[in-house]
1. So, in segment 301-357, exactly how many residues are modelled with pLDDT under 95, under 28 Å from VAL189 (Cα atoms) and in a loop (DSSP other than H, G, I, E, B)?
2. Give the residue, chosen from LYS219, LYS143, that is touching a Leu at 6+ places or on another chain (Cβ under 9 Å), open to solvent by 40 Å² or more (accessible area, probe 1.4 Å) and away from ligand 1 (no atom under 14 Å from the Cβ).
3. Could you list, ordered by first residue, the pairs with Cβ atoms under 6 Å in which the first is in segment 305-320 and basic (Lys, Arg) and open to solvent by 20 Å² or more (accessible area, probe 1.4 Å) and the second is part of a helix (DSSP H, G or I) and modelled with pLDDT of 95 or more, at least 6 apart or interchain?
4. Mind listing just one residue for me: the one in segment 236-261 that is buried (at least 24 other Cβ atoms within 10 Å of the Cβ) and in contact with a strand residue (DSSP E or B) (Cβ under 9 Å, 6 or more places away or on another chain) and, of those, farthest from TYR272 (Cα to Cα)?
5. Is there any pair with a first residue in segment 85-114 that is in contact (Cβ under 8 Å) with a residue 40 or more places away in the chain and within 16 Å of ligand 2 (Cβ to nearest atom) and a second that is outside any helix (DSSP H, G or I) and open to solvent by 50 Å² or more (accessible area, probe 1.4 Å) whose Cβ atoms are under 6 Å apart and which are 6 or more apart or on different chains, and what are they?
6. Give me the pairs, please: first residue somewhere in segment 21-39 and among the aromatic types (Phe, Trp, Tyr), second residue anywhere and modelled with pLDDT of 95 or more, beta-carbon distance under 7 Å, and either six or more positions apart or on two chains.
7. In segment 45-64, which residues are touching a Leu at 6+ places or on another chain (Cβ under 9 Å) and either open to solvent by 60 Å² or more (accessible area, probe 1.4 Å) or within 18 Å of LEU116 (Cβ to Cβ) (or both)?
8. Look through segment 16-34, keep the residues that are hydroxyl-bearing (Ser, Thr, Tyr) and part of a helix (DSSP H, G or I), and return whichever of them is most open to solvent (accessible area, probe 1.4 Å).
Amino acid sequence: MAKRALVTGITGQDGAYLAQLLLSEGYEVHGVIRRSSHRGVEDHRLRWLGVAEMVLPHDGDIADISSLLRIVREVQPDEIYNLAAQSFVASSWRQPLLTTNVTAVGVTNMLEAMRLGAPNARFYQASSAEMYGLIQQPLQNEKTPFYPRSPYAVAKLYGHWMTVNYRESFGLHASSGILFNHESPLRSVEFVTRKVTDGVARIKLGLAGDLRLGNIDAKRDWGHAKDYVRAMWLMLQQETPDDYVIASGVTTTVRDMCRIAFEHVGLDMEKYVVIDPAFYRPAEVEVLLGDSSKARKTLGWEPRIPLDALIKEMVDADLERVVRHSSESAVSRLKSVTANWQDRGVAAEPEQSRQCA
Ligand code: NDP
Ligand code: GDP
């Protein structure tokens, strides 16, 4: 019989790649999807990867334990991947309580639902390198002390320790992956890599004149989401639950990451990047650099896609997306102009239509 996986946050970047991986491994994949008034767009990442039709959706919210308990009892999963979160650091200062309810308390909701409804399942918690914050060691591993620097990081730290605590208190198979930044063409556009690749595409196509960024001296250890979801899955294939750092082991400034993106389309970043204090944070994580030797040794995991290949893939995807989107909006602008003319009894001539578009 196929193994059953339940994924919260399945509509996000990692959820989509993880669903794709689990399906390719023969799993029956169930996802918790929160209701949106924008029906039909919530699964856009799953559609981009061509797996939306294969995922079994369940209406629920990580902040609502009753929905989680109902879903866990119905699905009886073998594995639970808890990826749901308010995941954007900058928003966590603007919405600290929501971040706490979702990113922190949501973890206990999911752990409780599993403990009560499917105690033999295996549990993965999406912990974050942001927990290291003001770093206490130049190279961070599983033993490095934490020093969170944002409401997001504080919330993640709570979720991390609850996962450890439920493992130790109730003997649950609960593992925590301390993942360093990982990106892809499916990253939300507010994160710096995607903001840069989307901005570069717009500048290249003549749709934008500059790219406004904050602290471009910050350094991150970046990898590809496709590589990192494989590590999540590997953790749950181990007999013994544990915590693992997942990282590339290379740290790069935002400035250098940006340079890769601009150079890929033959542009000089110095001409376009504008430093805007609006994008500085109340407290910054200046540098992150992970040591994933435990995962490499125990899980046999290693990253396959280096940063420059990742950024080039993202720029190419954004160029394609921006072209497609602008021609779609040109067509819809054209349609509305034509409709206006028709309302006024004016025939739309091909020449005029082209100009308006
Ligand atoms: P995304 O922001 O792309 O995805 C977050 C997911 O959580 C979305 O599916 C979102 O649903 C869902 N979600 C948000 N709030 C709720 C809620 N109240 N109830 C149910 N679902 C909810 O994040 P990523 O895929 O990048 O990250 C996955 C996880 O890994 C997150 O927990 C993140 O914090 C963590 N992480 C990510 C890292 C990274 O570099 N990407 C690094 C370390 C940790 P919706 O689509 O409806 O908004
Ligand atoms: P984070 O590591 O989870 O906060 O991921 P982000 O991609 O949001 O930010 C990575 C780093 O880029 C942080 O140090 C930010 O301060 C820095 N950064 C610089 N300019 C920007 C910007 O315009 N947007 C974002 N999101 N980050 C920026």
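1. Total satisfying the criteria: 1.
2. Among LYS219, LYS143, only LYS219 is touching a Leu at 6+ places or on another chain (Cβ under 9 Å), open to solvent by 40 Å² or more (accessible area, probe 1.4 Å) and away from ligand 1 (no atom under 14 Å from the Cβ).
3. As it stands, the answer is LYS312/HIS264, since those pairs meet every condition given.
4. Start the filter on segment 236-261 by keeping residues that are buried (at least 24 other Cβ atoms within 10 Å of the Cβ), which leaves 244-248, 258, 261.
Checking which are in contact with a strand residue (DSSP E or B) (Cβ under 9 Å, 6 or more places away or on another chain) leaves us with 244-248, 258.
Details: TYR244: 39, VAL245: 36, ILE246: 33, ALA247: 30, SER248: 29, CYS258: 11 Å.
Residue satisfying both the conditions and the ranking: TYR244.
5. Sorted first by the residue in segment 85-114, then by its partner, the pairs are PHE88/GLU190; TRP93/PRO282; VAL102/ALA63.
6. These pairs meet every condition: TYR27/ALA2; TYR27/LYS3; TYR27/ARG4; TYR27/ALA5.
7. Once the filter is applied, which keeps residues that are touching a Leu at 6+ places or on another chain (Cβ under 9 Å) and either open to solvent by 60 Å² or more (accessible area, probe 1.4 Å) or within 18 Å of LEU116 (Cβ to Cβ) (or both), segment 45-64 yields TRP48, GLU53, MET54, HIS58, GLY60, ASP61, ILE62, ALA63.
8. Only one residue fits best here, namely SER24.
The values are calculated or read from the model by the stated rules, or taken from the named source; none is laboratory data. Bear in mind the structure is a predicted one, so any value in this text is a computation, not a measurement. With ideal geometry, Cβ positions are generated from the backbone for all residues, glycine too; neighbour counts draw on all protein chains shown. Heads up: the accessible areas ignore ligands, DNA and RNA and are worked out on the full protein's heavy atoms, side chains in. Shrake-Rupley method; radii C 1.70, N 1.55, O 1.52, S 1.80 Å.
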